[in-house]
Amino acid sequence: QVQLVESGGGLVQAGGSLRLSCAASGSIFKINTMGWYRQAPGKQRELVAIITSTSNTNYADSVKGRFTISRDNAKNTVYLQMNSLKPEDTAVYYCNADVWELAGIGTRYNPYWGQGTQVTVSS
């Protein structure tokens, strides 16, 4: 089993910054893509940013130039630096990881989600 634990959410004024962290632990052989998604009340979950194991990144248009995703492969951790926050960034932010788990004498692939962390941006 693998667990993803997020931290760093909170309440911030518009124009402020927050940094989210997500640490993966458990029977990990390798983690491929890691990413951040968000879900605002009454809306579907949407992609915010993803990063591959070789640090190629992709961002939603709404956050380009304001958010930066990064990862520390040695710590199995992904980060999301959020600057110039806007009220429309308010949502629960979820971490995702595509994990190759140790399974007996081999490995198996499973995607995992964190429990979510609330980000609230006041105007």
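As a summary of the residue check, Tyr79 satisfies the conditions (1) in a strand (DSSP E or B); (2) more than 15 Å from Arg19 (Cβ to Cβ) except for the one numbered (2). Out of everything in the stretch 71-114 that is hydrophobic (A, V, I, L, M, F, W, C) and under 11 Å from Gly35 (Cβ atoms), what residue ends up being surrounded by the most Cβ atoms within 10 Å (Cβ to Cβ)? The qualifying residue surrounded by the most Cβ atoms within 10 Å (Cβ to Cβ) is Val78. Looking across the stretch 41-59, the residues that are outside any strand (DSSP E or B) and under 13 Å from the mean Cα position of the chain (by Cα) come down to Arg45, Thr52.
Could you go through the stretch 59-68 and let me know if any residue there is at pLDDT 95 or above and under 18 Å from Val2 (Cα atoms). Checked the stretch 59-68: no residue is at pLDDT 95 or above and under 18 Å from Val2 (Cα atoms).
Being assigned to a strand (DSSP E or B) and open to solvent by 60 Å² or more (accessible area, probe 1.4 Å) is the filter here, so list the residues in the stretch 13-40 that pass it. Residues satisfying the conditions are Gln13, Arg19, Phe29, Lys30, Gln39. Only residues that are surrounded by fewer than 14 Cβ atoms within 10 Å (Cβ to Cβ) and of a type in the set (D, E, K, R) were counted across the stretch 57-70, and they come to 2.
The values are calculated or read from the model by the stated rules, or taken from the named source; none is laboratory data. The shown structure was predicted, so the numbers you read here are calculated from the model rather than taken from an experiment. Here Cβ is always computed from backbone atoms with ideal geometry, including for glycine, and neighbour counts include all displayed protein chains. Keep in mind that these areas ignore ligands, DNA and RNA; they rest on the heavy atoms of the full protein, side chains included. Shrake-Rupley method; radii C 1.70, N 1.55, O 1.52, S 1.80 Å.
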